[in-house]
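A.B. asks: Dropping the structure in here first, questions after.
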Amino acid sequence: MLQQDALCPPALQRLKGLCGGLSHDINNMVGVILAYLDLLKLETEGNEDATTYLDRITLACRKFHERSQAMEEFSGCRQYAMLPVQAKLIVNQLKLSRCVFEDALPSHSQVLAEPGKLTFAFQELVDNALEAEPDGNPRVWVGVKNGDFVFQVVNRCDLKEEQLERLWDPYFSTRSRTRGMGLARVLGVVTSHKGQVETVLLEGQRLSVSVALLLC
């Protein structure tokens, strides 16, 4: 079993700090570049070749900006506009095809969250479980434990105990296809929400991933 502190050894903490600082600087520079590109488009209006080239540069910059935002989320330093949200509203946004879903969540339960980012984090956990168990039915459980809102996903896996702490590393995968920064971003989003993540290898080669958030 690995809890939040064990998921971030000192070397990874330093990497997260580096990513947070770099992404902040990159976001500022890309913002300036995009602004000047918009001005150039106005200056070259009517020139189809110039417009095509500028559109391609703009697209590349926006993709770079998205990667930079992923780095910032991974760092756990990103600040969101938090609001009290009904936890069920977030859960109801998820696509849970093939999942065995158990809802033990009281209807009045609220968490302090940025709904879009928390929905992304939970969906990423579900999608990862579905990919790990393409012919099976991962289990998703939501409810309250020890006064916290808990979102839990359990699926079959081929992880070994010594690989458990690497589960949240960027680009780590035991499969030929990787989800890139996906799970690393999940950990960052949960950290930004002052939440906790717990990973446990269960009997029968099953992996349990739980996210716990304070109720408000």
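A.B. asks: Please rank His65, His108, His24, His193, fewest neighbouring Cβ atoms within 10 Å first, as an exposure proxy.
C.D. replies: Taking fewest neighbouring Cβ atoms as first place, the list is His108, His24, His65, His193.
A.B. asks: Calculated FRET efficiency, Arg206 and Gln86, Cβ-Cβ r, R0 35 Å, to nearest 0.05?
C.D. replies: For Arg206 and Gln86, the calculated efficiency is 0.70.
A.B. asks: In addition: Considering only lysines 8 or more places apart in sequence, or on different chains, count the pairs in the chain whose C-alpha atoms sit under 24 Å apart.
C.D. replies: Taking the Cα cut-off of 24 Å, the pair count is 13.
A.B. asks: Tell me the net charge near Phe64. Cut-off is 14 Å between Cβ atoms, Phe64 excluded, with +1 for each Lys or Arg and -1 for each Asp or Glu.
C.D. replies: Around Phe64, the surrounding residues sum to +1.
A.B. asks: Using alpha-carbon pairs under 8 Å, 6+ residues apart, how would you state the relative contact order of the chain in percent?
C.D. replies: RCO, the chain: 23 percent.
A.B. asks: Of the peptides 126-138, 44-56, how do they stack up when ordered by the mean number of other Cβ atoms within 10 Å, highest first?
C.D. replies: 126-138, 44-56
A.B. asks: So how tilted is helix 182-192 from the main axis of the chain? Cα-based, degrees 0 to 90, rounded to 10.
C.D. replies: Taking the Cα atoms of the chain, the angle to 182-192 is about 80 degrees.
A.B. asks: Just to confirm the number: angle between the C-alpha axis of helix 10-43 and the first principal axis of the chain, 0 to 90 degrees, nearest 10?
C.D. replies: 30
A.B. asks: For Lys145 and Phe64, what is the calculated FRET efficiency with R₀ set at 30 Å and r taken between the beta-carbons, to the nearest 0.05?
C.D. replies: On the way: r = 40 Å, r/R0 = 1.35.
For R0 = 30 Å, the calculated efficiency reads 0.15.
A.B. asks: Calculate the length of the line joining the C-alpha centroid of the stretch 145-164 to that of the stretch 116-139, in whole Å.
C.D. replies: The stretch 145-164 and the stretch 116-139 have Cα centres separated by 12 Å.
A.B. asks: Please compute the modelled spin-label separation between Glu43 and Arg98, points set 7 Å along Cα→Cβ, answer in nm with one decimal.
C.D. replies: Roughly 5.2 nm, to one decimal.
A.B. asks: Give the percent of DSSP beta bridges with both residues in the stretch 46-151 that are antiparallel, rounded to the nearest 5.
C.D. replies: On the way: 8 of 12 bridges.
Antiparallel bridges make up about 65 percent of those DSSP assigns within the stretch 46-151.
A.B. asks: What is the local net charge at Ser192, summed over the other residues whose Cβ is closer than 11 Å to its Cβ (Lys, Arg +1; Asp, Glu -1)?
C.D. replies: Overall, the nearby charge balance is +1.
A.B. asks: Which shape class, rounded, prolate or oblate, goes with the chain when its Cα gyration tensor gives a ≥ b ≥ c as root eigenvalues, a/c under 1.5 marks rounded, and past that a/b bigger than b/c marks prolate? Show your work: numbers first, answer last.
C.D. replies: Values: a/c = 1.95, a/b = 1.77, b/c = 1.10.
It comes out prolate by the Cα gyration axes.
A.B. asks: Which angle between 0 and 90 degrees, to the nearest 10, do you get for helix 48-75 versus the longest principal axis of the chain when only C-alpha atoms count?
C.D. replies: Helix 48-75 sits at roughly 30 degrees to that axis.
A.B. asks: Roughly how many debye, to the nearest 20, is the charge dipole of the chain about its Cα centre, given +1 on each Lys and Arg Cβ, -1 on each Asp and Glu Cβ, and no other charges?
C.D. replies: In total the dipole reaches around 320 debye.
None of the figures in this text is laboratory data; all of them are computed from the coordinates on show. The structure displayed is predicted, hence computed values, not measured ones. In this analysis, Cβ positions are derived from the backbone assuming ideal geometry, glycine residues included, and neighbour counts consider all displayed protein chains.
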